[in-house]
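Here's the structure we're looking at; comments come further down.
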Amino acid sequence: MEWRQAVWREQLIYEYSSKGKTGILITDDLKEMDTDLPETVKRKSKLELPEVSEVEVARHYTRLSQMSYGVDLGPVPLGSCTMKYNPKINEDLASSERVTMLHPLQPMEDVQGILEIMYDLQQMLAYITGMDACSLSIPAGASGELAGALMIKKYHRETGGENRDEMIIPDSAHGTNPASARMAGFKVITIPSNNNGTVDLDALKSVVGDRTAGIMLTNPNTLGLFERDILEIANIIHSAGGKLYYDGANLNGILGIARPGDMGFDIVHINLHKTFSTPHGGGGPGGGAVCAKGEMTDYLPRPIVRKDEKGYYMDFTCSKCIGRLHSFYGNIPVDVKAYAYIKSLGGEGLRKVAITSTLNTNYFIKLIEKSGGYSIPYDPRAPRKHEVVISAEPLKEKYGITADDVAKYLLDNGFYAPTIYFPLIVKEALMIEFTESETLENIEEYARILEEIEEIAKENPSLIKESPRNTAVRRIKAAEANKPKNIIPTYRVLRRKKLGVKGYEKL
């Protein structure tokens with residue numbers, strides 16, 4: 001089971017360059033190929049590219065791929081991010097020419113197939129979440145949050161609630177909720193969790209008033225705990241004239257078991273790239289959907305796919321909606337993968353996703369709950385859903401080992417580190433999510449390494465603090481690395497200057 005990542009000397013492709021090397025042979029007639037480009041746009045100087053052979057190019061980029069860890073190599077248990085393995089057949093479907101060769105400016109009568117997929121996906125997502133309608137035009141997570149906040153803002157403006165400028169957000173909410181609410185123009189009102197790690201009802205009642213626009217939360221919350229008082233929370237907000245927004249970051253934990261719409265939520269944002277088969281991370285590709293219930297459906301971003309006697313079409317009409325938050329129609333390949341995922345699993349399969357991911361998390365908890373190096377804050381006896389937040393504070397107090405040190409040692413043992421230091425309400429937080437696609441063997445090994453950290457810390461904590469040793473880049477000084485001037489390491493700039501690469505000064 002135990003393995004070590006290969007250590008390679010980090011090099012730029014320019015460092016392999018040597019004058020005269022080439023990876024391809026170009027005939028003279030191609031070199032002198034005539035073009036219709038005007039002289040004003042033709043390059044006057046030589047293109048500054050490295051001169052390398054094909055084998056060097058292949059080896060260089062293969063080596064870089066070996067230095068990169070991903071979910072195809074092992075667990076990526078990032079709490080709140082749902083990084084799970086996804087069926088490769090869905091990638092094949094989304095990369096088919098029938099999808100990639102479509103153009104958003106084609107006449108709608110020529111793209112009835114993809115419009116039908118989008119229409120059906122809207123209906124399925126609405127049913128899964130207990131909503132009435134959905135829009136697929138949202139590009140990803142935070143933009144979905146912004147869409148929900150803007151919908152609530154527009155609703156209050158349309159109904160005479162211009163004074164409602166406060167958005168309530170629990171301290172256990174998804175991390176970007178406060179920023180999204182602020183971007184929509186709201187004043188953020190944070191309420192604390194109670195001793196059980198859920199919304200404090202007394203605190204909620206104390207801040208609700210005629211300035212309340214709504215509340216943004218996810219259920220289960222970032223601690224992995226289900227908000228058992230959600231119906232009362234909904235009643236409190238609705239009685240005050242506010243709306244409930246559901247952040248879909250944790251939807252993976254309740255698929256087929258509970259629906260936000262049945263809990264009283266008015267708006268739901270879904271991360272298709274977390275829950276429904278698109279790989280998450282690495283900058284994309286993301287894809288989202290925003291769904292709404294009742295009167296809030298009028299405020300959904302456009303376009304929305306609809307159907308009449310002539311077929312499927314994009315509806316851009318908008319009397320109350322918030323308009324568009326993304327160009328064209330959203331990320332279509334992501335929609336295709338989500339559609340295939342839902343169709344292949346069916347209702348029982350989606351329910352099994354939630355059950356299995358929840359079982360995996362609670363099995364992991366059982367493996368580490370007897371350890372003296374970690375604690376489970378907020379009612380350790382309460383079952384978690386698809387994720388759990390454990391604290392390395394006991395390790396820090398006894399041996400000086402922090403959550404950051406734990407993460408670095410996990411890297412040394414071939415595992416990806418969990419989310420650390422979030423949520424902020426847990427000291428030395430390690431936020432861990434083992435999804436439904438993870439094996440019991442990997443979960444057991446992960447727990448074993450966490451226990452190993454505690455045993456090593458008792459004898460020689462410096463061994464933990466010096467990790468990682470087996471990665472391509474050793475431990476960096478976090479404070480220095482986060483300074484703007486050091487985001488791109490200075491040695492890279494100097495190396496490119498030495499090699500004569502133009503444009504190095506812009507780095």
Starting from the amide H of ILE168, placed 1.01 Å from N in the peptide plane, find each other amide H under 5 Å away whose residue is 5 or more places distant or on another chain.
ILE189, ALA213, GLY214, ILE215, MET216
Would you list, by chain and number, the lysines whose Cα falls below 29 Å from the Cα of LYS21, excluding same-chain residues fewer than 8 positions away?
LYS31, LYS42, LYS44, LYS46, LYS497, LYS498, LYS502, LYS506
The chain, dipole about Cα centre (Lys/Arg Cβ +1, Asp/Glu Cβ -1), debye to the nearest 20:
1600
Around HIS269 (Cβ within 9 Å, Cβ-to-Cβ, excluding HIS269; K/R +1, D/E -1) the net charge comes to -2
So which aspartates and glutamates can LYS84 reach, going by Cα to Cα under 18 Å and dropping same-chain residues fewer than 8 places off?
ASP72, ASP92, ASP335, GLU387, GLU433, GLU436, GLU438, GLU441, GLU444, GLU445
A student applying the Cα gyration tensor rule (rounded when a/c is under 1.5; otherwise prolate if a/b is larger than b/c, oblate if not) would label the chain oblate
Can you tell me which of 168-181, 61-74 comes out highest on packing, and rank the rest after it, using the mean Cβ neighbours within 10 Å?
168-181, 61-74
Isolated Cys in the chain by the 4.7 Å beta carbon test?
CYS81
Which of the three applies to the stretch 391-455, rounded, prolate or oblate, going by the alpha-carbon gyration tensor with a ≥ b ≥ c and a/c under 1.5 meaning rounded?
oblate
Per DSSP H run of at least 4 residues, take -39500 (n - 2.57); add these up for the chain, divide by its residues and hand me the 222 nm value, nearest 500 deg cm²/dmol.
-11000 deg cm²/dmol
Arranged from highest to lowest average of other beta-carbon atoms within 10 Å per residue, in what order do the peptides 308-317, 431-440 appear?
431-440, 308-317
Highest mean first, what order results for 149-159, 184-194 on Cβ atoms within 10 Å?
149-159, 184-194
When we measure straight from the Cα of LYS19, which aspartates and glutamates land under 13 angstrom away, once same-chain ones fewer than 8 places off are left out?
GLU48, GLU51
For the stretch 109-345, what is the convex hull (Cα atoms) projected area averaged across all directions, in square nanometres?
12.6
Here the relative contact order (percent) of the chain, from C-alpha pairs under 8 Å and at least 6 apart, is 19
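Any read-out appearing in this document is the output of simple, stated calculations on the displayed coordinates, not a laboratory observation. Computed from a prediction, not measured in an experiment: that's the story for all the values here. We place every Cβ from the backbone using ideal geometry, glycine too, and count neighbours over all the protein chains shown.
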